[in-house]
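Following: one structure in structure tokens, then a few remarks.
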Amino acid sequence: MLIEPQRMEPDEILIERTLQGELSAFEQLVERHRGIVYRVAARIVGSDDAEDVSQDTFLRAFHRLNQYRGTAPFRTWLLQITQNTALNALAWAGRRPTEPASESPETADADPIRQPAKELERRERQQRLELKLRALRSEYRSLLVLRDLEGLSYNEIADVLEMPLGSVKGRLHRARGELIELLRNNTYDWELPA
């Protein structure tokens, strides 16, 4: 007898089940989207505060779930809450993050036999990039994280940040230019042409 693999229910069905009082459905939503929420939060507020921002994001999403209209994907709506929660955390703390964001806690190294020197170099480059990202304005940082690190489309970013598509493209262009200038200040790190 073959056992059929369990099908993943769409977010909309899990939302409906949650609104009907089934908390396990919301737990599935949290499990499904926890990684991206953590990564976006960590890259905005730093790894020290990312877990708190992630938890706050899911708590706010749970309490506002009846306000979700389904005009955009649930992930977009959730990242909008993440973005706002992270920016509020930065404003409330009145500071910028102090440590580079690490990968999500549940992310494991896929190749444990990596050469130690290459792994060390990769980690150092990632830390330097995180430091450069934190030097950008939070608005630019958010755009770069959502587009270049998380791979969201321009339309999804426009929904998350609640700004017109043209503004997303223009600000993303300026954010990339500002990041390139920051990186050029350390050309030995990135080997960028002058």
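Scanning for something buried (at least 16 other Cβ atoms within 10 Å of the Cβ), in contact with a Ser or Thr (Cβ under 8 Å, 6 or more places away or on another chain) and among the polar types (S, T, N, Q), does the stretch 30-51 turn up at least one residue?
Taking every residue of the stretch 30-51 in turn, at least one turns out to be buried (at least 16 other Cβ atoms within 10 Å of the Cβ), in contact with a Ser or Thr (Cβ under 8 Å, 6 or more places away or on another chain) and among the polar types (S, T, N, Q).
When both residues are 6+ apart or on different chains and their Cβ atoms are under 6 Å apart, which pairs have a first residue that lies in the stretch 11-40 and is under 22 Å from Thr85 (Cα atoms), and a second that is in a helix (DSSP H, G or I) and of a type in the set (S, T, N, Q)?
These pairs meet every condition: Phe26/Thr18; Val37/Ser54; Val37/Thr57; Val37/Thr82; Tyr38/Ser54; Val40/Thr82.
Of all residues in the stretch 72-90, which are more than 11 Å from the chain's Cα centre (by Cα) and small (Gly, Ala, Ser)?
Listed by number, the residues that qualify are Ala72, Ala89.
Could you please give the count of residues in the stretch 123-167 that are assigned to a helix (DSSP H, G or I) and farther than 17 Å from Arg43 by Cβ?
Matching residues across the stretch 123-167 total 8.
Out of the stretch 64-74, which residues are outside any loop (DSSP other than H, G, I, E, B) and either hydrophobic (A, V, I, L, M, F, W, C) or surrounded by 18 or more Cβ atoms within 10 Å (Cβ to Cβ) (or both)?
Leu65, Phe74
Values quoted throughout were computed directly from the atomic coordinates according to the rules given, and no laboratory measurement underlies them. All values reported here derive from a predicted model rather than from experimental measurement. Glycine gets a Cβ as well: all are built from the backbone with ideal geometry, and neighbour counts include every protein chain shown.
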